[in-house]
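*Asks:* Structure in structure tokens, see below.
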Amino acid sequence: MSKSRASSGGGFGALLGLMLIVWVIVKLIWWILGAAILVGLYFLVRAIVRESRRRADLKAAHRAALAARADQQHNWVLQGGDRGIYGPRGAELMHYLYPVTDSGKAAYLGAIAG
């Protein structure tokens, strides 16, 4: 049995289709490149905006933590504690370097009272 003639025309149709696709690409190459550049720019700008928002959130969290520490130290100063001036670790060091005796504390409290 010999091959049927119906399957022999497929190669020519595929060649015409391929030639049509190549012609469209060559004819519209600048439009295709322009669209690819626009898509690339979209993703680049989106990544930059996301990074900028992330940094802004981190900066806001840092500022909020700083404000909370400042408020805490202000409260310590209002209560007469050394931690408000020197910080928690600095107050420990100052008490180590200059220990407060009971007589010194009484004199300090007497001077404050008036």
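The values are calculated or read from the model by the stated rules, or taken from the named source; none is laboratory data. Just so we're clear, the structure is a prediction, and the values are computed from it rather than from any experiment. Reconstructed Cβ throughout: ideal geometry from the backbone, glycine too, with neighbour counts over all protein chains shown.
*Asks:* Write out, first by first residue and then by second, each pair whose Cβ atoms fall under 7 Å of each other, whose residues are 6+ apart or on separate chains, and whose first residue, in region 40-54, is at pLDDT below 95 while the second is surrounded by fewer than 10 Cβ atoms within 10 Å (Cβ to Cβ).
*Replies:* Going by the 7 Å Cβ cut-off, there are no qualifying pairs.
*Asks:* Here is a further query. Return yes or no: is Gly11 surrounded by fewer than 10 Cβ atoms within 10 Å (Cβ to Cβ) and modelled with pLDDT of 75 or more? Steps first, please.
*Replies:* Working: surrounded by fewer than 10 Cβ atoms within 10 Å (Cβ to Cβ): yes; modelled with pLDDT of 75 or more: yes.
In short, yes.
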